[in-house]
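**Q** Please see the structure below; I have some questions.
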Amino acid sequence: MQFKGTERFPAEVLDKAVAREGGYRNALTFLDWTTYFETLPADKIDLALELEADRMFNSIFTSADVESERTVIISERQGNENEPMFLLSEEVQAAAFRVHSYHHEVIGDLVDLQTIQRDDLFEHYRAYYVPGNAVLTVAGDFQTEEILDRIRALYEQLPDGASPVLQVRDEPVQSGEKNLSVVGPGETTYVQAAYHAPAGNQADFFPYLVTDSLLTGASSLNLFGGGISNKTSRLYQALVERELAVSVHGGLTATIDPFLHTIVATVHPQSSAEKVVAAIDDEIKRLQDEPPTKEQVERAVKQARALFAYGSESITNQAFWMGYAEMFASYEWFLNYLDRLAAVTPEDVQNIAQKYLRVDKRVLGVYRPLEGQEVPA
């Protein structure tokens, strides 16, 4: 709905206005935030500032547009439901969080998409889309004082608004392993192990990043960046090279509240989910029993640093990183990222494995194909 325009910038004008200047604009929603961004030539930055100031307060929500967008989002949701890993990940995430709102996928539940009304959306817009609840980041070639003066001129006139009251419900400590199985079409079996992980601003987060890099390859926290090879990781060698799995990867996400570290494996046709899980457990136990060597930790840190560097090359990502860090910590988190990675020791990694990578604290999900059969109703 935020791309349907305002009186000043109608929908058909928005994209053309940016594209005409050689720019790009988009938006995305994550667990804790929504971000809107424009990347433009430096001398056209005022257009982006004006567009976002206008969108923050003057967006038009018509009932007809709501119904049109409802159809689009429901179709997207139904398309996701044809993907085995979406089905498995949704069930794993829901099982990991019974109380906290991380229980829900970002796209939302179908029943909500079907029933939410125009006034519900507009009230949400009025409550959350205010300067008092927003972070504005600017990266590029500009004079700081000049850009700050322009930001003040555009945004200080908007009603500041009160920061919405967040009703956070802390997730209870998990008291034992949760196992689940999802069945669906296809011919491939997948395994997903999810371990409760620290929030982005907690001290354990950086040692956990290195642990994840060691086990499955460096995680990309960039939502606009790619990855690097994970062939030197322990689980790649234990699973893929031994032909227990076709692929394996991990993921650790910086969030406001504690979220999840996931390990996902695509099971080899000649293997089984049980063999994959056993191999994962063996590698984790090895890390729990004996810390990695200093050289192994240095290599894992180097890979994580490289991924961070690749993702920070574009001006879009630089602005993204600043705003992202402010969501769960502060700008300093971004500035000190590399130093905190370099400070991780082998003993820190072993401690993470012992503290978090525990069978009794994980959710283990397996997607099993029906091999062409219909999914039961």
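**Q** Of the conditions (1) under 26 Å from the mean Cα position of the chain (by Cα); (2) not assigned by TED's automatic domain parsing to the domain that holds V106, T6 clears all except one; give me its number.
**A** (1)
**Q** Same structure, new question: Listed residues A199, A194; which is of a type outside the set (D, E), within 17 Å of R98 (Cα to Cα) and touching a residue at least 12 places away in the same chain (Cβ under 8 Å)?
**A** A194
**Q** Same structure, new question: From the residues in the stretch 97-123 that are aliphatic (A, V, I, L, M) and outside any helix (DSSP H, G or I), which one is nearest to T255 (Cα to Cα)?
**A** V106
**Q** Turning to a different aspect of this structure: Quickly run through the stretch 224-267 and pick out the residues that are aromatic (F, W, Y) and modelled with pLDDT of 95 or more.
**A** Y236, F259
**Q** Can you name the condition, by its number, that S175 falls short on among (1) surrounded by fewer than 23 Cβ atoms within 10 Å (Cβ to Cβ); (2) among the hydroxyl-bearing types (S, T, Y); (3) within 18 Å of E90 (Cα to Cα)?
**A** Failing condition for S175: (3).
**Q** Can I ask one more? Please enumerate the residues belonging to the stretch 258-283 that are crowded, with 20+ Cβ neighbours inside 10 Å and of a type in the set (D, E, K, R).
**A** E283
**Q** Shifting gears a bit: So in the stretch 17-38, with the set limited to residues that are over 29 Å from the mean Cα position of the chain (by Cα) and part of a helix (DSSP H, G or I), which one is modelled with the lowest pLDDT?
**A** Per the stated criteria, the residue is A17.
The values are calculated or read from the model by the stated rules, or taken from the named source; none is laboratory data. This is a predicted model, so every value here is computed, not measured. Using ideal geometry, Cβ is built from the backbone for each residue, glycine included, and neighbour counts are taken over all protein chains shown.
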